[in-house]
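The values are calculated or read from the model by the stated rules, or taken from the named source; none is laboratory data. Model, not experiment: these values are computed from the prediction. Cβ sites come from the backbone with ideal geometry, for glycine too, and all protein chains shown count toward neighbours. To get the accessible areas, we keep the full protein, side chains included, count just its heavy atoms, and leave off ligands, DNA and RNA. Shrake-Rupley method; radii C 1.70, N 1.55, O 1.52, S 1.80 Å.
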Number of protein chains: 2
Amino acid sequence: MNVEERIKTKEQIPLDRRTIIHMMLVNNTINEQIAIALKPFDISIQQFNVLRILRGQKGKPANLSTLNERMVTRMSNTTRLVDKLMSKGYVDRITCPSNRRKVEINLTKKGTDKLLEMDKTMAQTEAALLNQFSDSDMKQLNLLLNKF
Amino acid sequence: MNVEERIKTKEQIPLDRRTIIHMMLVNNTINEQIAIALKPFDISIQQFNVLRILRGQKGKPANLSTLNERMVTRMSNTTRLVDKLMSKGYVDRITCPSNRRKVEINLTKKGTDKLLEMDKTMAQTEAALLNQFSDSDMKQLNLLLNKF
DNA sequence: CTGCTACATTTGTATATACAATTGTTGTAA
DNA sequence: TTACAACAATTGTATATACAAATGTAGCAG
């Protein structure tokens, strides 16, 4: 992706600004591709993220603040995000018996199955996005990203 | 920024997935910081982007499709984005005399002035975001981003 | 036990965004 | 010249998101 061409500018962009813009452009690409991959499942990136967090819990229920803490892109209203996953039948939610302020959220069987399907598509998408990267490219990129 | 720590996972994340997640996390940081910088001006990143595009036009008016084409993060409703800039007095909009389907959007004096103020804050924010990067780091990062 | 503060989630509401349908304009083929 | 397709922007509407206020619960000082 050529930055100047994409944003149609002829003037030279200072390196620091160009870097920021470049990051944004790539991120848009990433988000678009993942959204396309998840579209058949009628699910957003954040919803997918929550499903994966729940799987990582290995049956141990999660409450809302835990989810919010672990989400890649945090959002201001996790309640309603979980509402949507519930209405799809992917998770269930009960109030925590030991502390009735909290809730316990779990993956359902249906959620687990769907997530397994999504995994395949997502793996393909990740691979496609990164197909020009060698392992050492990726390591280098991760090192550079650490500087942010 | 340590990925595993941030998303609170103990399991090892495959390198390709980690790379994608890392990109997203850094992008969130970038967006948050820029949003904070622009908050005093009561303007969004995309609105700021449009103002800069208009300045790049050097007085030559832009129409909506031009703006949309050049925006870093394109959106589905540039009309209403421009509405907001108009209501702030930063731009004006007339229908194009030579082709009445199009519009001509221009920066106002007020918009130009405000943009100049925003430049300062934005330069600081960019510098702060990239303060751990040497020039060669940035060049390297840009090269790697080209692979997406 | 009472009153108070902190906690965890939910709800209300205003704003933002996506997507499709609509409006008005232009160019052009018959 | 008329009819029609393509174009450019706008509008309607459903959904998403942010932010603040409200609800209900727990813990704790006195």
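Residue-level check: of (1) within 16 Å of DNA strand D (Cβ to nearest atom); (2) without any contact (Cβ under 8 Å) to a residue 24 or more places away in the chain; (3) under 16 Å from the mean Cα position of the chain (by Cα), A:I36 misses just (2).
Among the conditions (1) outside any loop (DSSP other than H, G, I, E, B); (2) out of contact with any strand residue (DSSP E or B) (no Cβ under 7 Å at 6 or more places or on another chain); (3) closer than 26 Å to B:L67 by Cα, B:R100 misses just one, which is (1).
Among the residues of the stretch B:70-91, those identified as within 26 Å of A:R6 (Cα to Cα) and either away from DNA strand D (no atom under 11 Å from the Cβ) or within 14 Å of chain A (Cβ to nearest Cβ) (or both) are B:R70, B:M71, B:V72, B:T73, B:R74, B:M75, B:S76, B:K84, B:L85, B:Y90, B:V91.
Restricting attention to the stretch B:1-23, the residues being assigned to a helix (DSSP H, G or I) and touching a helix residue (DSSP H, G or I) at 6+ places or on another chain (Cβ under 7 Å) number 11.
Output the residues belonging to the stretch A:31-44 that are surrounded by fewer than 19 Cβ atoms within 10 Å (Cβ to Cβ) and either away from DNA strand C (no atom under 13 Å from the Cβ) or assigned to a helix (DSSP H, G or I) (or both). Step through it out loud before you land on a result.
So in the stretch A:31-44, the residues surrounded by fewer than 19 Cβ atoms within 10 Å (Cβ to Cβ) come out as A:31-33, A:35-36, A:38-42, A:44.
Once the filter is applied, which keeps residues that are surrounded by fewer than 19 Cβ atoms within 10 Å (Cβ to Cβ) and either away from DNA strand C (no atom under 13 Å from the Cβ) or assigned to a helix (DSSP H, G or I) (or both), the stretch A:31-44 yields A:N31, A:E32, A:Q33, A:A35, A:I36, A:L38, A:K39, A:P40, A:F41.
Can you tell me which residue in the stretch A:24-61 is farthest from A:T125 (Cα to Cα), limited to those that are of a type in the set (A, V, I, L, M) and more than 10 Å from chain B (Cβ to nearest Cβ)? Let's see the steps before the verdict.
First pass over the stretch A:24-61, keeping only residues of a type in the set (A, V, I, L, M): A:24-26, A:30, A:34-38, A:43, A:45, A:50-51, A:53-54.
Then keep just the ones that are more than 10 Å from chain B (Cβ to nearest Cβ); that gives A:35-38, A:43, A:50-51, A:54.
Values: A:A35: 10, A:I36: 9, A:A37: 7, A:L38: 10, A:I43: 15, A:V50: 19, A:L51: 18, A:L54: 22 Å.
Filtering first and then ranking leaves A:L54.
Inside the stretch A:77-101, can you point out the residues that are open to solvent by 50 Å² or more (accessible area, probe 1.4 Å) and touching a helix residue (DSSP H, G or I) at 6+ places or on another chain (Cβ under 9 Å)? Across the stretch A:77-101, the qualifying residues are A:T79, A:K84, A:D92, A:R93. For the residues A:Q132, A:Q140, A:Q47, the requirement of being more than 16 Å from the chain's Cα centre (by Cα) and surrounded by 16 or more Cβ atoms within 10 Å (Cβ to Cβ) singles out A:Q140. The set of residues in the stretch B:47-94 being within 14 Å of DNA strand C (Cβ to nearest atom), of a type in the set (A, V, I, L, M, F, W, C) and outside any helix (DSSP H, G or I) consists of B:M71, B:V72, B:M75, B:I94.
If the condition is being within 13 Å of another protein chain (Cβ to nearest Cβ), outside any helix (DSSP H, G or I) and touching a helix residue (DSSP H, G or I) at 6+ places or on another chain (Cβ under 7 Å), then the stretch A:103-148 contributes A:L130, A:K147, A:F148. Tell me whether the stretch B:7-18 contains one or more residues that are under 24 Å from B:R74 (Cβ atoms) and at the interface with chain A (Cβ under 7 Å from one of its Cβ atoms). Looking for residues that are under 24 Å from B:R74 (Cβ atoms) and at the interface with chain A (Cβ under 7 Å from one of its Cβ atoms), one finds none in the stretch B:7-18, hence no.
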